[in-house]
Amino acid sequence: MKNRTRTRTRTRTRSLAVAGSAALLATLIGAAPAPAAPAAPKLAAVHGAASVLYAYTPGDDIRFTVDAQAAPFSKPLKIRGGERGLPVDATGRVTVYHHSPGQNRTGVSEAAVDCLVTGKGTATVTATVTSSTVGWPEGKRIGVSVQDGERGAPDRVGFSWDFFNLDVKPDGSAAETVVGLCMAPAPFTTATKGGFKVTSAPLPPLPKP
């Protein structure tokens, strides 16, 4: 009888131990954190506002406000035999303010961002005019480049009008030409007040067909 009692006790102890281990394992599995979701890809952006010094009108008050965010493949175009958006599609707004004391004239133009591409600390943005007090027609595309100054260096801005973006004819005559998507000259003016934050990001991969 004693042997049978001992056997039953050992069996019950083993059963309780197995059950306890299973319960502990289930608790540990339930408490383990779920696998982290893949991080969303970083998107290019440029934000800020600045007054700039332009060498050819040093007494003028010229200001740029740029708020642009990448929105890849969001604006379908008929391209390469199909219809899809571009990796440099973007949204946002550009505002250009120019006050000329010598001419006692102030101009303000607003434009909707359509393209953005970045490098290390630099961004090129194009935008189509939505309103202007300087005679720019609605739909005209303008280009603006931004350099986010490093190590205390000032920010810089470039733009696609005045002496830039001209089509020079063989006879020496010149006229302003159309600005293509994401086209702007290097940033050639210096920010005297304010600045920009450029978030650089690589071009996204093409979507799978």
### Summary
Taking r as the C-beta separation of A174 and A49 and R0 as 25 Å, the FRET efficiency to the nearest 0.05 is 0.20
### Query
Going down the table (K75/K169; K42/K208; K78/K208; K120/K208; K75/K197; K140/K197), which pairs top 29 Å between alpha carbons?
K75/K169
### Query
In whole Å, how far is the Cα centre of the stretch 49-88 from that of the stretch 98-156?
7
### Message
For the stretch 99-206, which trypsin sites (Lys or Arg not before Pro) pass both filters: DSSP loop (anything but H, G, I, E, B) and at most 11 other C-beta atoms within 10 Å?
### Response
K120, R151
#### Entry: Heavy atoms of L206: accessible area, 1.4 Å probe, square angstrom to 10
100
### V134/R84 FRET efficiency (R0 30 Å; Cβ-Cβ; nearest 0.05)
0.30
### Message
What figure, in Å² to the nearest 10, do you get for the accessible area of D67 with a 1.4 Å probe and non-protein molecules left out?
### Response
60
### Query
In the stretch 110-209, which GluC sites (Glu not before Pro) are in a loop and have at most 13 other Cβ atoms within 10 Å, using DSSP for the loop call?
E138, E150
### Task
Would you rank K42, K75, K208, K169 by solvent-accessible area, highest first, keeping every protein chain in place and using a 1.4 Å probe?
K208, K42, K169, K75
### Query
Size of the stretch 48-108 along its principal axes in angstrom, Cα-based, largest extent first?
52, 22, 19
### Task
Roll a 1.4 Å probe over the protein heavy atoms and report the accessible area of C115 in Å², nearest 10.
0
### Task
Can you quote the Å³ per residue value for the convex hull of the Cα atoms in the stretch 35-159, rounded to an integer?
144
### Query
Debye sum, Cα scatterers, the stretch 92-188, no solvent: what log₁₀ I/I(0) at q = 0.17, 0.19 1/Å?
-0.83, -0.99
### Where the stretch 132-209 is the region considered: accessible area per residue in Å², 1.4 Å probe
64
### Task
Using 0.36 nm per residue of separation minus the Cα-Cα distance, give me the extension gain between A153 and R93 in nm, one decimal.
19.1 nm
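The values are calculated or read from the model by the stated rules, or taken from the named source; none is laboratory data. Note that the coordinates shown come from a computational prediction; the quantities given were computed from them, not determined experimentally. Cβ coordinates were reconstructed from backbone atoms using ideal geometry, including for glycine residues, and neighbour counts include every protein chain displayed. Protein only, heavy atoms only, side chains kept; ligands, DNA and RNA dropped before computing areas. Shrake-Rupley method; radii C 1.70, N 1.55, O 1.52, S 1.80 Å.
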